[in-house]
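Structure, as structure tokens:
The values are calculated or read from the model by the stated rules, or taken from the named source; none is laboratory data. Keep in mind that what you see is a predicted model, and the values were worked out from it rather than measured. Neighbour counts run over all protein chains shown; Cβ positions are idealised from the backbone, glycine included.
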Amino acid sequence: MNKILSVARLDFYTIKPYQKSLFGMVLIWLVLFLVFRSIGMIAAILMISLTLFATYPFSIGERYGLDTLYSTLSVKRKHVVIGRYAFAFLIELIGTIVVLILAVLPIFNAWEDITISEFLVVICILYAICALVIAAQYPIFFKYGYTKSKLFAYLPLMLIFLASTSIPLLIEFSNLDPATLFDIAASNIYLIGIGFVVVGLVLQVLSCLLSCKLYEKRDL
């Protein structure tokens, strides 16, 4: 456990060179929040952006040979993998806390366009989306390294964007009544939120197990 936490802690240290980019992105989030006053929109932008930061340890690790360093320090590869997933989970948790803090600040009037229960479900859905992206990306990075796979690994983000823009068309062509779907969702709103969180956790656990197997076979 200590080695896993040490790997996760080191991952946080490795993203320090990107602090300026992070602060710049935070300023952009705040400006968008003040302009549009939509807590749902800022939550979506924040959580999706964090999936990009979750890939930075792979970039830094490959640039400075941290994988080789881990092997010389007798750190088991599975500990490296689990620590990297722990880092990603903590990134998601920090993003959620930031959004919650912004939401309760009275200056933003965040609840004009969304109820608290709807907002919580939005957070759960965004977590599931982030978990899906990371679950798809990490095994690729552990298998091929960052440089060889970075373009291919960003495909999940593109596919999710295309899927989200296709939902209205699917509803229209399927002749489903949006009002009926909304009523069903509203009556099971907390169950839906919990379901998305469970799905996200399961995806990341399965992805972690796959990454452990792939990383064990990789030549460093």
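Restricting segment 43-83 to residues that are in contact (Cβ under 8 Å) with a residue 24 or more places away in the chain and among the charged types (D, E, K, R), the residue that is surrounded by the most Cβ atoms within 10 Å (Cβ to Cβ) is 77.
In the condition set (1) aliphatic (A, V, I, L, M); (2) more than 22 Å from residue 137 (Cα to Cα); (3) at pLDDT below 70, residue 22 is compliant with all but (2). Applying the set (1) part of a helix (DSSP H, G or I); (2) more than 25 Å from residue 160 (Cα to Cα); (3) modelled with pLDDT of 75 or more to residue 93 leaves exactly one unmet item: (2).
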